[in-house]
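The values are calculated or read from the model by the stated rules, or taken from the named source; none is laboratory data. Everything numeric in this text was worked out from a predicted model, so none of it was measured. Ideal geometry is used to build each Cβ from the backbone, glycine not excepted, and the neighbour counts take in all protein chains shown. In case anyone asks, the SASA skips ligands and DNA or RNA and just uses the protein heavy atoms, side chains included. Shrake-Rupley method; radii C 1.70, N 1.55, O 1.52, S 1.80 Å.
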Amino acid sequence: MRQFLTALFLISIFCMSLYAQKTIVDVPDYWDTSTEGTLNTAVDAAIAGGTLSNTIFKLKPYGTYVLTGSIITPPGQTLEIMSDPPGNTQETAPPLICWTASTAPSKTYIFDIAGEVKMKNVWIMWASLDGTRYTSTIRIGDSSSVSGGRCEFENVMFDLVQQSSSGAIQPYATHFKGYFKNCYWRNCTDNHFRYYSRAVSVPYAATGLHIDTLSFENCTFANIGYVYMQEGGVYGDNVFFNHCTFYNVVMHSLESGWWRNMYVTNSLFINTYMYGYIPNAPDGINGGTITIAAIDSTEVFGAGWGFLPDWNPQDGVADFTEKERHILFANNLYKLDQWLIDWMGYGPNGSPYSVDKHRNRMDEEVPQPQPMFNNNTHKFFDSLDTQGLKEWPYINRINCDSVNHPSFVNPPINEDSLKTWLNRKWDDNSDSPWEWDPFTGYLQIWPLLEDMSYSNEAVKIAAMGGFPLGDVYRWWNPAVKPGAEDHYTAWAAQRNAENTQIMDWLMNGFGGGEGVAQLSGKPEKFALGQNYPNPFNPTTQIEYSIPQKGFVTLKVYNMLGQEVATLFNGTQNAGNYIATFNGTGLASGVYLYKLQSDNASITKKFTLIK
């Protein structure tokens with residue numbers, strides 16, 4: 001399993017496919033030709049000539065391509081669309097793909113891909129140039145055989161997405177593989193409850209489909225109903241998010257918690273699950289922002305998946321057990337804006353809905369902020385077995401912050417319309433528009449007006465390696481954001497090492513035995529933290545900081561001064577670290593743990609109780 005996941009990781013994270021030797025077709029845009037459907041015509045010609053898989057359709061920077069109907073590709077073939085890398089001027093904006101205003105063509109699918117699709121440096125808008133929005137999706141997979149189903153999107157914007165029962169990307173295959181790098185989902189609201197649009201989702205009530213791999217790196221999801229959603233008996237084998245920014249998500253960022261292997265690392269969750277939880281609702285606080293769902297129904301976890309994770313092969317036997325799941329949440333930040341907290345409540349800045357409920361002594365119907373993780377998810381992280389060892393050794397969280405706020409420079413939010421919409425949803429479930437400045441999409445304004453870099457210095461170094469949390473490519477990259485602090489160049493240089501560390505944490509864990517892992521941030525001084533938990537049985541964790549490279553030891557002693565364990569003994573780079581101590585085999589009592597470097601030492605006490 002470890003070799004398989006490592007190979008999969010190298011494929012999905014290190015490698016976006018290189019453009020092979022193919023014929024490049026320069027597709028003229030609408031403004032040059034005054035003609036709609038130029039991209040449709042070019043793709044249809046390649047299909048008819050049998051050259052689709054050997055063709056790259058190159059779009060003009062700042063061009064506009066008006067679709068006159070769905071672009072439908074045959075099984076077993078690859079559609080590849082790209083443009084030059086966008087710069088930081090209007091003339092270097094990504095080309096826009098949008099709908100015709102004509103009502104004649106079916107607009108169910110923008111693209112219907114029976115085989116494979118690759119797109120790079122383009123902007124897709126779920127609307128026509130006159131401002132009319134349409135309910136559409138990009139379906140990946142053969143609708144008849146449910147085969148194919150592979151996509152690569154790099155630096156693609158998905159704008160004004162409107163989809164009532166699926167996502168901007170709709171997996172429709174038994175072995176779907178999706179890779180998203182430097183992508184941006186913006187204003188994914190719709191007219192169907194205005195919170196149904198999703199980034200990636202299988203169709204409503206779908207069965208017989210499967211997510212083999214879904215990977216997101218340096219992606220932003222802003223003003224959106226859900227992000228990743230699974231339906232029916234569809235679960236994900238390998239789901240990965242690294243350096244992603246989630247902002248103004250109405251409900252679930254990650255639903256339904258049916259994952260075999262997943263990591264979410266170095267990411268920002270700001271105003272996620274804006275709807276909040278209603279105390280007298282059936283789920284109450286258990287419907288947390290992030291939920292790891294148990295496979296089986298038990299007294300501890302309640303209802304399970306409701307289906308057997310039996311996919312490859314389909315033999316009536318589960319492909320994996322609970323203990324064989326690998327799930328990691330590391331170096332993430334979850335925070336709500338103060339205006340949202342106030343609006344949920346019934347104070348001076350509360351919503352009319354909440355104020356009215358409080359006035360009528362119906363506080364149990366007043367929305368409240370969701371926690372980052374729900375109760376069952378904490379059980380997966382924290383439960384110990386009868387021997388005092390971690391019950392789920394490969395389901396872990398580390399360095400998840402709910403204190404700091406990034407303070408975005410210019411976030412994409414229309415606060416007044418969003419407040420109005422939330423109040424109406426809580427009150428009578430009616431609707432009103434709340435997306436942020438849609439005309440920036442219609443007018444193809446570039447560089448983007450929004451700026452989700454931030455001023456909080458602690459958050460700027462909170463990711464692994466001391467980098468900013470969230471999408472580094474789009475918000476910390478002067479190549480695409482004029483005047484941005486350049487953290488992307490240095491991050492890209494160490495990307496492979498970071499991904500290797502993430503995969504090591506995912507595969508090996510760090511909570512079940514002795515070991516040391518590096519945390520994010522830059523150390524300010526030589527420091528040794530108090531262990532947690534304390535007292536403990538038999539494992540506990542110790543955080544410490546080394547301000548400069550040198551020889552370091554971290555050892556445990558009994559009260560007689562006798563050494564009983566060495567947690568680290570060697571040269572360490574400057575950094576923040578966390579060590580795990582396992583007291584199995586030791587008697588109950590008070591022990592000392594000592595951190596020592598070339599010119600300093602700190603000693604503290606902890607208590608083992610069996």
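Quick notes
- Pairs where the first residue, in the range 143-167, is under 20 Å from F193 (Cβ atoms) and the second is at pLDDT 95 or above and part of a loop (DSSP other than H, G, I, E, B), C-beta under 6 Å, 6+ apart: F158/A168; V161/A168
- Evaluation of R424 against (1) assigned to a helix (DSSP H, G or I); (2) over 18 Å from L336 (Cα atoms); (3) among the charged types (D, E, K, R); (4) touching a residue at least 12 places away in the same chain (Cβ under 8 Å) (one fails), failing number: (4)
- Yes/no for I81 being under 32 Å from the mean Cα position of the chain (by Cα), closer than 16 Å to I138 by Cβ, modelled with pLDDT of 95 or more and open to solvent by 10 Å² or more (accessible area, probe 1.4 Å): no
- Members of the range 306-334 found to be open to solvent by 10 Å² or more (accessible area, probe 1.4 Å) and under 23 Å from the mean Cα position of the chain (by Cα), listed by number: E322, E324, H326, Y334
- Qualifying positions in the range 580-590 - in a strand (DSSP E or B) and either at pLDDT 90 or above or open to solvent by 50 Å² or more (accessible area, probe 1.4 Å) (or both): G589, V590
- Pairs with Cβ under 8 Å, 6+ apart, first in the range 440-464 and without any contact (Cβ under 8 Å) to a residue 24 or more places away in the chain, second polar (S, T, N, Q) and not in a helix (DSSP H, G or I): none
- In the range 149-170, the count of residues that are open to solvent by 10 Å² or more (accessible area, probe 1.4 Å) and of a type in the set (A, V, I, L, M) is zero.
- Residue among A281, A293 that alone is more than 30 Å from S453 (Cα to Cα), under 18 Å from the mean Cα position of the chain (by Cα) and not in a strand (DSSP E or B): A293
- Given (1) among the small types (G, A, S); (2) touching a residue at least 60 places away in the same chain (Cβ under 8 Å); (3) buried (at least 18 other Cβ atoms within 10 Å of the Cβ); (4) farther than 21 Å from S215 by Cα, index of the condition G470 fails: (4)
- Criterion: open to solvent by 10 Å² or more (accessible area, probe 1.4 Å), of a type in the set (F, W, Y) and either in contact (Cβ under 8 Å) with a residue 12 or more places away in the chain or farther than 26 Å from A492 by Cα (or both) - qualifying residue of Y235, Y204, Y247, Y228: Y204
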